[in-house]
Amino acid sequence: MLSFLTARRTGVDDPLRLRRAESTRRVLSLELNHNRDVARIHGNGVNSLDIEVIEGRYMLSGGADGVIVIYDLENGSRKPQYTCKAMCTVGRSSRHVHKFSVETVQWYPHDTGMFISSSFDKTMKVWDTETLKPAEVFQFEGNVYCHHMSPIARKHTLIAVGTKDPKVQLCDIKSGSRIHVLQGHRGEVLSVKWSPRYEHILATASADSRVRVWDVRRASGSLFTLDQHNGDKSKAATEAVNTAHNGRVNGLCFTADGLFLLTTGTDDRMRLWNSATGENTLVNYGKVANSSRTCLRLSVSRGCSPEFVFVPCGSSVAVYSLHTGELVTMLRGHYNNVDCCEFHPDYQELYSGGKDCNILAWVPVLRQSDIEDEETATVKGGQQAAVNPAFVDAWSSDED
């Protein structure tokens, strides 16, 4: 740490290098924090988590019981041991509650005054955070598996919605109507994600084993379909041409810079793609256990070097190096399958939710001090501990 500070002060290093190094150290030291609990509210599995980016303080959760909870992650008591309390809940007693499982929750990207939820009750609701009442309700013909609103869009207010219908629905919250459909998939749409780099680029994943990338300004179909074999037809069976996985594709996640796209499938594989060209980078992550029939919510770190990906894997969360595929560690603490995880980039913390109804907080281990206090710099037996030469006073006076 001292070498980083010295290099930064003298101008040898880029100012961001220290931040990246410390962020990386914190991610590599993540462990289950026994001093921080998240209040257990859900009576069934936790399907989705989302932390707002305005203050980084409030977290949404949606459960298989139809309940939506807003948590305050800040430690108001300033005590080492505390519980992240539920600020408010859309519970079973509310007449506005979803009738069936809530599959996805998301904060409005530019303001905490609104959030969006979608459910197996065939609805997507836009909520007023203050009143906890829906400002808008969108009805669909089939179960809603997922939705996503662009985190960077300024020219549109579209929400992409994946349902049991193979058509991807585009809903405009300004007009309160469904304005367009994207046709091309042949199975239910299990995951949708807007690019964090270009506001009109959308990726969609389906049970038909395909991932399509769209420019929603074009009416002529998708830009391209991801092909696990990169166009080499000699390696692909006829039915596997232009498929991203050999099974249902149920997980999508862009990297923070939008340059790469991660996909997961029920073939127990995870793949990394160049989001501009659709090329499979062929990074080998090994077997990534995935038996989920709905959307699997993975997360990517931000501000680290290298970056890491967090993937629900059975009752654990697997942490991989994004570009090498190396399994860094397995975070174990849940008693049942993990369905979602959410990375907090401000503090390099991770929150995970599972079918055991728990939300667990994974927090970096505090760095040990580089310099010990003089009072504690003695060892047992009364002997003085060796002093680091870097801290020895090497100055001499003219009188010597």
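The values are calculated or read from the model by the stated rules, or taken from the named source; none is laboratory data. Here the structure is a predicted model, which means the values were calculated and not measured. Please note: Cβ atoms are built from the backbone with ideal geometry, for glycine as well, and neighbour counts cover all protein chains shown. The accessibility values were calculated without ligands, DNA or RNA, using every heavy atom of the protein model including side chains. Shrake-Rupley method; radii C 1.70, N 1.55, O 1.52, S 1.80 Å.
Compute the FRET efficiency between Arg57 and Asn230 as 1/(1 + (r/R0)^6), taking r as their Cβ-Cβ distance and R0 = 35 Å, and round to the nearest 0.05. Computed FRET efficiency for Arg57 and Asn230 comes out at 0.25.
Annotation for the range 90-159: GluC sites (Glu not before Pro) lying in DSSP loop with at most 14 further Cβ atoms inside 10 Å of their Cβ are Glu130, Glu141. Taking only the alpha carbons of the range 168-243, we obtain Rg and Dmax values of 13.9, 48 Å in that order. For the cross-link pairs Lys125/Lys355; Lys133/Lys174; Lys99/Lys122; Lys99/Lys133; Lys167/Lys233, the ones whose C-alpha atoms lie over 19 Å apart are Lys125/Lys355; Lys167/Lys233. Measuring only protein heavy atoms, the 1.4 Å probe finds Met330 accessible over about 50 Å².
Rounded to a whole number of µm²/s, how large is the Stokes-Einstein D of the range 1-62 at 4 °C and 1.567 mPa s, given Rh as the Kirkwood radius over C-alpha pairs? Present the calculation step by step, with values, prior to reporting the outcome.
Details: Rh = 15.3 Å.
Approximately 85 µm²/s, per Stokes-Einstein.
Value of Rg to Rh for the range 49-142, rounded to two decimals, is 1.00; Kirkwood radius and Rg both from alpha-carbon coordinates. Ordering Thr24, Asn337, Ser191 by the projection of their Cα atoms onto the charge dipole of the chain, which places +1 on the Cβ of Lys and Arg and -1 on the Cβ of Asp and Glu, puts Ser191 at the extreme positive end.
For the range 110-261, the Kirkwood radius over C-alpha pairs fed into Stokes-Einstein at 25 °C and 0.890 mPa s yields D = 152 µm² per second. Protein heavy-atom accessible surface, 1.4 Å probe, per residue over the range 62-157: 47 Å². Per atom type, the chain shows carbon and sulfur on 47% of its accessible surface, probed at 1.4 Å.
Dipole magnitude of the chain about its Cα centre, charges +1 at Lys/Arg Cβ and -1 at Asp/Glu Cβ only, in debye to the nearest 20? Write down the numbers at each step before the final one.
Details: 45 positive and 47 negative charges, 393 e Å.
Roughly 1880 debye for the chain.
Taking max minus min of the alpha-carbon positions on each principal axis, the chain gives extents of 89, 58, 41 Å, largest first.
Label positions at Lys133 and Ser94, each projected 7 Å from the Cα along the C-beta direction, are separated by 1.3 nm.
Just report the Cα centroid separation between the range 92-114 and the range 48-82, whole Å. Here the two parts' Cα centres lie 13 Å apart. Here, the range 325-365 has an Rg and a Dmax of 10.9, 30 Å when only alpha carbons are counted. Across the range 293-374, Cα-Cα distances exceeding 20 Å account for 36% of all pairs. Counting only the Cα atoms, the range 74-114 fills a convex hull of 138 Å³ per residue. If one puts a single equal scatterer on every Cα of the range 156-202 and applies the Debye formula without solvent, what log₁₀ I(q)/I(0) results at q = 0.15, 0.20, 0.30, 0.31 Å⁻¹? Once normalised to I(0) and log-transformed, intensities are -0.38, -0.66, -1.15, -1.17.
Residue separation of Leu366 and Asn33 scaled by 0.36 nm, minus their Cα-Cα distance, works out to 118.7 nm of gained length.
Against the longest alpha carbon principal axis of the chain, how many degrees, from 0 to 90 and to the nearest 10, is the axis of helix 15-28 turned? Long axis of 15-28 versus the principal axis of the chain: about 80 degrees. Considering only Cys146, Leu49, Ser321, and ranking their Cα positions along the charge dipole of the chain that arises from unit charges at the beta-carbon of Lys, Arg, Asp and Glu, the one farthest toward the positive end is Cys146.
Beyond 20 Å, how much of the Cα-Cα pair distribution for the range 210-315 remains, as a whole percent?
Numbers: 2264 of 5565 pairs.
Everything past 20 Å amounts to 41 percent.
Each residue of the range 261-267 was assigned a 3J(HN,Hα) from its phi angle through the Karplus expression (A = 6.51, B = -1.76, C = 1.60, θ = phi - 60°), giving 10, 9, 10, 10, x, 6, 7 Hz with x at Gly and Pro.
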